[in-house]
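Structure, as structure tokens:
The values are calculated or read from the model by the stated rules, or taken from the named source; none is laboratory data. Predicted, not measured: the structure shown is a model, and the values here were computed from it. Cβ sites come from the backbone with ideal geometry, for glycine too, and all protein chains shown count toward neighbours. Note: accessible area is taken over every heavy atom of the protein model, side chains too, but ligands, DNA and RNA are not part of it. Shrake-Rupley method; radii C 1.70, N 1.55, O 1.52, S 1.80 Å.
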Amino acid sequence: MAAEAENKRQLKVVPPPAPTSDSVSRALTELHKAVKGGAFYPPGHPCRLETVQHAFEALQPLCAERELFVSVHRQGFTRGEKALEASPMLVHLARECLIRRIRSITFLRELRRQDLGAFIQLLNEEPHKVQGAGGMGCRIEQAGISTIKVNEQEIATLRDRELFGDPVSWESPAGEEPPEVEEIVRRMDLETDDGRYQELGRLLVVRVRQKKLGVAQVKVLERLLAHHTDSERTLLQCEYALFILEHLADGAAELLLDCLVNPDFQEKEGIHRILQALGGKGAYWIIQRVCLVQGLYERKVLAAALVHLGPRALPPLVAMLKDERWWVVRNMVAIIGELKCQECVPALRQALAHEDLRVKREAIRALMKCGGSEAEGVLVKLLEDQDEGVLQQAIICLGLMRSRQAVPHLLRLLEKRDLLLKDLAVKKEVLGALGRIGDRRATAPLLRTLSGWLSFGRREELAVAAASALGTLGDETALPVLRKKAAGGGRLAVACGEAVEGIERLFGGHHE
């Protein structure tokens, strides 16, 4: 019990890091470099893509917890009331923004790399063309950018202004008994006046703290979340509901996670929605609990909650890849893989360099789940790895991804000189991968492997695997050789006969 209490105490003392002025300045500097790169390099150039990636990696952690809002001035940028250091790069970036009539930029919590790339491209458009199209706001909408806004009031600042007041400042009138929590929430459900809604919200915070509701507090948080997402309410009420929700949730982290890992608690979807609204803060809570629990069920439930958060969970997950405990890093890598977003690939490339082989293998599986050409490129480089286990796993994953990018590299492995077939296991995995990929560039090398000299022992085993791969690949030009081999006897003839049947089923169908 003492250890459990200590674990829960640890959970409360690890707050998510707040962006510093220096980190914001560095991120905007990377944004300036990406804008310059977009003007210098042609579309699709690796250096251009690299500068966008660096800018994204610098900005995304800063808006994982809440929106990042910066104002634009002639001398550079300000964040809140504090001016950022006016470096030449930031002054130049501010000038590029001002001539396009951008007075402020808001990077939302769901910042996407595609949106950042499109925004950088817009910053390279001629100013007169931007204004002719209706201004930068219109161009952003036309480009389908949803996670970057310009010239809008700062929502994060709005939450903290006197308009919202102190959430615990309510005092009951003399002689009047304050209503119960359920009654307060019911009144908030029906309230249309912004001022009275805020007053009820402050009263709600006081009463919840007095009552110590336990599990019932989850219902209160769900109701506040419903207010936040209610399109019929005013913007002020929606944002104030989220403000109160975050305030109450800060004292309920243990409660939310205890309910989440409790097998008897049936309404886990509600907690998922609450944690999703909390964004990076909720992700940090979950990750800290993941590092503390020992039961398999608890780890699975918490991992599922992180996956439910989506890309918002990525910054704190990536931060945990620097943990000294290999099993913690492996768990984080596995969860990153379940997110299945291509923005995860740089983080997984980092995990491939881990000294523990178990982490490296988990990173390979995660890259396969993420998919995309960038992940394929990372896995293709592993085809030169000296560890046979890593090599075989990379081959299998590339086959399951149907990576045409990997075909030339796999063929080189297949045709690598090996008279004694010491690498038979690797070559068999290569044959299986080539069959699954289905690229006809592999047909001729597979036929050479099938028709090679000597057809017994290890050579016969390799030829059988080649026949099976040809059947999976489904190229009808291989049929004459396969039919000839099938007319013989032994294991190879059986394998060739099965390959002929497989190709004939596909012939004339959708296979290319």
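Output the residues belonging to the range 68-95 that are touching a residue at least 40 places away in the same chain (Cβ under 8 Å), within 20 Å of His128 (Cβ to Cβ) and either open to solvent by less than 30 Å² (accessible area, probe 1.4 Å) or of a type in the set (Val, Ile, Thr) (or both).
Listed by number, the list holds a single entry, Leu93.
Residue-by-condition table, conditions (1) assigned to a loop (DSSP other than H, G, I, E, B); (2) at pLDDT 85 or above; (3) under 23 Å from Val380 (Cβ atoms); (4) among the β-branched types (Val, Ile, Thr):
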site	(1), (2), (3), (4)
Asp418	yes, no, yes, no
Leu431	no, yes, yes, no
Gly435	no, yes, yes, no
Leu447	no, yes, no, no
Gly452	yes, no, no, no
Glu461	no, yes, no, no
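Taking the options Arg361, Arg402, name whichever one is open to solvent by 10 Å² or more (accessible area, probe 1.4 Å) and assigned to a loop (DSSP other than H, G, I, E, B).
Arg402
Among residues belonging to the range 433-447 that are in contact with a helix residue (DSSP H, G or I) (Cβ under 8 Å, 6 or more places away or on another chain) and open to solvent by 30 Å² or more (accessible area, probe 1.4 Å), point out the one that is nearest to Ser403 (Cα to Cα).
Here the residue is Arg436.
Considering only residues that are modelled with pLDDT of 80 or more and open to solvent by 40 Å² or more (accessible area, probe 1.4 Å), look in the range 490-512 and name the one that is nearest to the chain's Cα centre (by Cα).
Per the stated criteria, the residue is Leu506.
Does Leu314 satisfy the criteria of being out of contact with any Ser or Thr (no Cβ under 7 Å at 6 or more places or on another chain) and under 24 Å from Cys259 (Cβ atoms)?
no
For the range 33-67, which residues satisfy the criterion of being of a type in the set (A, V, I, L, M, F, W, C), surrounded by fewer than 19 Cβ atoms within 10 Å (Cβ to Cβ) and under 20 Å from Cys344 (Cβ atoms)?
Within the range 33-67, just Leu49 meets the criteria.
Being under 29 Å from Val52 (Cβ atoms), crowded, with 22+ Cβ neighbours inside 10 Å and basic (Lys, Arg), is that true of even one residue in the range 342-352?
no
If we keep just the residues of the range 217-238 that are basic (Lys, Arg) and part of a helix (DSSP H, G or I), which is most open to solvent (accessible area, probe 1.4 Å)?
Lys219
Go through (1) of a type in the set (A, V, I, L, M); (2) surrounded by fewer than 23 Cβ atoms within 10 Å (Cβ to Cβ); (3) under 34 Å from the mean Cα position of the chain (by Cα) for Ala425 and report which single condition fails.
Condition not satisfied by Ala425: (3).
Filter the range 255-270 down to residues that are within 14 Å of Lys300 (Cβ to Cβ) and either among the aromatic types (Phe, Trp, Tyr) or assigned to a loop (DSSP other than H, G, I, E, B) (or both) and give me whichever is most open to solvent (accessible area, probe 1.4 Å).
Pro263
Residues to consider are Ala27, Ala83, Ala64, Ala94; find the one that is aliphatic (A, V, I, L, M), within 29 Å of the chain's Cα centre (by Cα) and modelled with pLDDT of 85 or more.
Ala27
Table: residues versus (1) aliphatic (A, V, I, L, M); (2) open to solvent by less than 10 Å² (accessible area, probe 1.4 Å).
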| site | (1), (2) |
| --- | --- |
| Pro311 | no, no |
| Leu314 | yes, yes |
| Val318 | yes, no |
| Trp327 | no, no |
| Leu383 | yes, no |
| Ile395 | yes, yes |
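Just checking, how many residues over the range 110-124 are assigned to a loop (DSSP other than H, G, I, E, B) and either touching a Lys or Arg at 6+ places or on another chain (Cβ under 6 Å) or buried (at least 20 other Cβ atoms within 10 Å of the Cβ) (or both)?
Selection size over the range 110-124: 1.
If we scan the range 310-326, do we find a residue that is touching a helix residue (DSSP H, G or I) at 6+ places or on another chain (Cβ under 7 Å) and assigned to a loop (DSSP other than H, G, I, E, B)?
yes
Go through (1) at pLDDT 90 or above; (2) within 15 Å of the chain's Cα centre (by Cα) and name the single condition Val390 misses.
That leaves (2) as the condition not met.
Tell me which residues, restricted to the range 448-471, are crowded, with 20+ Cβ neighbours inside 10 Å and either over 43 Å from the mean Cα position of the chain (by Cα) or not small (Gly, Ala, Ser) (or both).
Thr449, Leu450, Leu462, Val464, Leu470
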